[in-house]
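To keep things clear, I will list the structure first and then write my remarks on it.
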Amino acid sequence: MLYLALALWGAIHPMYYFVTWFNAEGWSLSTMVDAWHANAAASGLVWDLTIAAVTLTIWIIAEVAVRRNFRALIAIPATFCIGVSCGLPLYLFLRTAPIK
């Protein structure tokens, strides 16, 4: 249940900052992507999270192929639509469930 709580926190807490930013700057994804690359530190963080998201996706696919826990695939869109802070704990929650 701790993994599920972390997944919820990872979905809600970062979203607060995104919504706050969108309300202040306008609802433009291209403007947000530009902001992600405003400086070297921000670009480094974007690449760090992108690499983590791709790695997590490969891990999920590899484990689903072996464990046949197809329900765990929902963590992939959660990772790319919400973030690694939601996708990783969600996957760990789904992975710890007994396989039927």
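Quick look at the values:
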| read-out | value |
| --- | --- |
| Kyte-Doolittle at least 1.0, axis length at least 15 Å by Cα - qualifying DSSP helices, the chain | 40-67, 84-96 |
| Lys/Arg +1, Asp/Glu -1 at C-beta; segment 2-96 dipole; positive extreme among HIS37, PHE22, ILE82 | ILE82 |
| Relative contact order computed over segment 2-96 (Cα-Cα under 8 Å; 6+ residues apart), in percent | 43 percent |
| Per residue Cα convex hull volume in Å³ - calculated over the chain | 94 Å³ |
| Neighbourhood net charge (15 Å Cβ-Cβ; Lys/Arg +1, Asp/Glu -1) for GLU63 | +4 |
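Where a number appears in this text, it was derived from the coordinates with a stated rule and is not lab data. The structure displayed is predicted, hence computed values, not measured ones. Note: ideal-geometry Cβ built from the backbone for every residue, glycine included; neighbour counts use all protein chains shown.
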